[in-house]
Structures are given as structure tokens and as C-alpha cells.
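See structure below.
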Amino acid sequence: MALASSSAISSMDLSHHLSSEARMRKVNPMKAIWRLTRRKPNMVSLANGDPHFSLYPIRRVEYEMASVEEADPVASWREGGSCAPSTKFVSSSYEPCALPLQTGLQYTHGAGLPDAQRVVTELTNFYHSPRDHTCTLTLGNSDGITKCFRLLGEPGDHFITDEFSFSSVTNAPLAQGIKWVGIKMDDGGMIPEELEKTLANWNPARGRRPHVIYLVPCGQNPTGSTLSLERRQQIYEIAQRFDLMIVEDDPYYYLQYDSPSEPTTSFSKPFVPSFLSLDTDGRVLRIDSFSKIMAPGMRLGWITSSALFHELLVTYTDSSTMHPHGFGQMLITEMLYGPQGWRLDGFDRWVRSLRAEYHRRRALFLQLFAREVARTGLARASPPEAGMFVWIRVELEKHPRYRSDLRSADDDRKGARTNVKALMEELFERLLDSGLVIMPASIFALPSDAEDDDKEDPIEDRLNYLRATFAGTEEVMEQGLHILGRALREFFADEAKLSPSTAA
């Protein structure tokens, strides 16, 4: 059952982007028959091996969740502890509810239960007002991302993304024989001019020009950068000219903040328009998740796409992971559609309150960073506009063993000019020995082909960054940044240690 936007328009034909695997997949014949059961009401079925709900050893699930009637529901929930105001609703086989348990725990098809699918469709309409879309439920973001990659990628293809990207995602298509092309970034995220230059100068000898771009537009992981509306429009226009499919992975969409100079993020602050909301061609596959706004263990999300890609995603799911778990689908349906649930306005109040809480945590992190780290003059950080990560630049140029002469200016070879990589590896080990776990830039840096390598400014010389999070407790932030500041002072005071890569 495809639930589409009421403002749907006909998308352009983008079927040439489909992988051979997607074209070869066959509809699961049993699932096709399952859809026919909705041809008329009260169909008698001797078809499926569905255990009868009377044999389920469960007949009622009660959810106790935060009340969203308060002015600031997240603060009330966090500060009130076990006494915080709450609301209760149920999934049941015998009580009034939006999605009865006997339906929620039965088999369904790859798009998800129709009631749950309707819920995420309404959510998508509310925040993005897309012109043409259908929602497909997934087992969280990672499931949605990998399915999109399988839908679009061929062995030998190159996909485009940010030069620093979340390695769990960029690892996913490698086994398909897909390579990555990293596009240079600045504090505002991917630089559109660099994207256009890469596409315009593509060497056909490397294979077909990239036709897929993967982006995290809000609070990018790891850099924390957020694409402005102007850059989103520029990138979308480039995607139209060069016929790119856009995989928009946006788990931090709801965590968009006001300036650090503001005491909080106003509930009325608008969200930056998504690529999906800008899409006029049907070339955006948007991936959403409840992980960052409810709980990561829910493993429930959804892909928003044109009807063409929706049908193929359902076909893939029906013969692989099958539909998402019933408990998560029952929860979101009762929460957003049930008689006692939050409803859409309550959900909106929760996420706006949640970003105000993360605004507070970001402010504390930056205050502690200024006190413990920035005052050393050995590292600096830019406040992120969204998400939960801070990208910390280590000022390695000040280190007594820093070198910038590994390759002379007239050397035509590509590769590192500096010993940044070796020094950062040493710093990382020192931080671990000091009791601090923090993510080094090297694990996020995309390996580049020789043709992509920037001779004048190679990525190996820009690995002097660390990714830290402000999602943890105040105590953890204070302890962690204290250790970071102390370890940096000790590391920069060390002139003695020499290694083959740093020795003259």
C-alpha cells in the first residue's frame, strides 16, 4: 500500500539510475498475494502461516512516556526523574487503540504496517511538504542507507560524499565494488564549487561519472557542519545539471540550534528546508530515524522517495530483512495517532524542547572547552549549528616536532607534505593512556584515488582534528575536556620523542 503526498506530481524518469541488482529483483510472490487480501473486506484466508493472535503470549503493552503538555517537556522530564509528569497509552488486543496488537504483531509487507506508514507520511508532510513522495519503513538509518546504496550502485561506480564522513556508512558499499570520491569541505560543509569541479572534470577512463551523492546536511558527522539553504539550492541545481541522485541522511534534522550567543534555541526557530522539500524531480531519497529524538535502540526509521524507488525498496525488503518490528510500529502509531498519544503537535513540542536541551549542553561544552582547552592556545573549535558533535582543530603547527617539508614545493608527487598524521596518531595514543576516548579525524577521512588527491592541500595534511560529543552528561564533558587540555599541554611540551616519520 503506497501512501503518497496529496500534492504529488509526476516525477521525471530516473529509472536509469537503478542498479542491475535492483532491476533483477523479483517481487516476492507470497507478499504479492498478501496485498490482494485487501481487495475486499472480511476475506477468508487459508494462505499464510500466520499464528493466531490468541496464541500470542502477550495481549497488552503499556507505554509510559513523557508528558508533552508542559511548557518545556524535555526539561520537565529530565529534572523530574521518576516523579516527572507522564502520559500512558496502550497497544492491546482488547482495548481501544490506534493499532491493535493482533495487527501490529502479524506479518505485513516491506513498506511496513499501513497505519505506521501513514504516521511517518504525516510527519514527513508536516516538516517537509514534499511534492512527490512515498514512505517506506526501515530498521533505522543504517538499514535505509544500505538499501539505497544497493538500489543505486553498480560494481565500479563512484559515489560522492564529504571528504570526512561517518566510516560505518562509507564502509557499507565497498563490498559492492563501489568507491568514494570525497569533496572538500569548510566550516559550512561541502563546498558546491568543489563538487561542480569534480563532476565537470571527471575522467571517463575511471568509469562512468558519479551519479549518487550521499549527504548529512544538518550537524554532519563528524564535522558538525550544516549546509545553508543557499548551499543546498546550489547542490540541488548541480545535481540536476549532472543528473545526480541525492541520498539525504538527516538524523540530526530536529537538532538545529540558534546562535551560541542566545540563551536557548527558541521553540519558534524554523528548520532549514531539507533537500526533500526542494526536490522537484524525484531525485532525493531521504532517510529519517527516531534514534536521535527518542532512543537509538528502537531501530526504526523510514525512507521517503518517489513511487518508483518505493516499490523497488519494498521488493528488496520483502526478500531480505522483511518488515520492521511490530513493537516499534505500534509505539509510533499509538504515540502519534492513538487516542491518548502525543499526536503530531505533541511530537513537535517534544523535538523543539529537545533541541533547547541540546542547546544547553552545547553551551556547557563550549564553556568548558574555553576554560580547559582553548586557553592553552593548542586547539580551537567552531560551535556546530546542529547535531551533537564538535570538530576540534589541534594547532599542530605549534608543535616542536611539526614538519612541513616532507615533500618540496617543486615535487610533482602527490601525498603528504607534513607529518600531521604521525603526530595525531601519537596524540591519540597519549589521550588513551590518559583515560580519554575521542575520535581522531583519520577514521573519517575518505581514502582518495590518485586523480582525486589534492597535491597542494592533501587530506593527509588536514587530519589534525578530533571529534567530540556533547550528548553525554555534564560530568563526562567536564572530565573529558580537562583530560584533553592537560594531555595537549604535555604533548606540545614534548620535544624529545622522535620516530622515523618525524625524524630529519
| task | Mind listing the long-range amide H neighbours of residue 162? Cut-off is under 5 Å, sequence gap 5 or more, other chains count too, H placed in the peptide plane at 1.01 Å from N. | result | 183
| field | Tilt relative to the chain, helix 229-241 - C-alpha long axis, 0 to 90 degrees, to 10 | value | 80 degrees
| said: To test your reading of the geometry: what angle, between 0 and 90 degrees and rounded to tens, separates the Cα axis of helix 141-152 from the longest principal axis of the chain? | reply: 90 degrees
| What relative contact order, as a whole-number percentage, does segment 353-493 give when Cα pairs under 8 Å and 6 or more residues apart are counted? | 34 percent
| query | Given labels modelled 7 Å from the Cα in the Cβ direction, how far is it in nm from residue 266 to residue 26? | reply | 5.9 nm
| query | Which of the pairs 26/292; 147/179; 147/269 have their Cα atoms more than 26 Å apart in this structure? | reply | 26/292; 147/269
| For segment 245-251, Karplus couplings with θ = phi - 60° (6.51, -1.76, 1.60), whole Hz, Gly/Pro x | 8, 10, 9, 9, 9, 10, x
| request: Can you tell me how much longer the chain between residue 45 and residue 457 gets when fully stretched, taken as 0.36 nm per residue apart minus their C-alpha distance, in nm with one decimal? | output: 141.7 nm
| said: Using a probe radius of 1.4 Å on heavy atoms only, what accessible surface per residue do you get for the chain? Whole Å² is fine. | reply: 44 Å²
| In deg cm²/dmol and to the nearest 500, what is the mean residue ellipticity at 222 nm of the chain if only DSSP H runs of at least 4 residues count, each as -39500 (n - 2.57), divided by the residue total? | -10500 deg cm²/dmol
| said: Could you compute the longest span of the chain free of trypsin sites (Lys or Arg not before Pro) located in DSSP loops and having at most 14 other Cβ atoms within 10 Å, not counting the site residues? | reply: 209-412
| Apportionment of accessible area to carbon and sulfur, segment 353-493, percent (1.4 Å) | 50 percent
| query | Using a basic spin-label model with each label point 7 Å from the Cα along Cα→Cβ, how many nm lie between residue 482 and residue 237? | reply | 5.2 nm
| Given Cα pairs under 8 Å that are at least 6 residues apart, what percent is the relative contact order of the chain? | 18 percent
| Given R₀ = 30 Å, FRET efficiency for residue 376-residue 168 by Cβ-Cβ distance, to 0.05? | 0.40
| task | Could you work out how far helix 420-433 tilts from the main Cα principal axis of the chain, as a 0 to 90 degree angle to the nearest 10? | result | 70 degrees
| field | Over segment 62-173, relative contact order from alpha-carbon pairs under 8 Å, at least 6 apart, % | value | 15 percent
| Cα extents of segment 191-334 along the three principal axes, largest first (Å) | 51, 51, 27
| remark: For residue 439, the residues 5 or more places away or on another chain with a placed amide H closer than 5 Å to its own amide H are 467
| message | If you take volume of the Cα convex hull per residue in Å³ from the coordinates, which of (i) 261; (ii) 195; (iii) 170 do you get? | response | (iii)
| For segment 35-164, what class follows from the C-alpha gyration tensor (a ≥ b ≥ c being the square roots of its eigenvalues): rounded when a/c is under 1.5, otherwise prolate if a/b is larger than b/c, else oblate? | oblate
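The values are calculated or read from the model by the stated rules, or taken from the named source; none is laboratory data. Small disclaimer: the values here were computed from a predicted structure and weren't measured. Every residue, glycine as well, gets a Cβ built from its backbone with ideal geometry; the counts of neighbours run over all protein chains shown. With ligands, DNA and RNA removed, areas are computed over all heavy atoms of the protein, side chains included. Shrake-Rupley method; radii C 1.70, N 1.55, O 1.52, S 1.80 Å.
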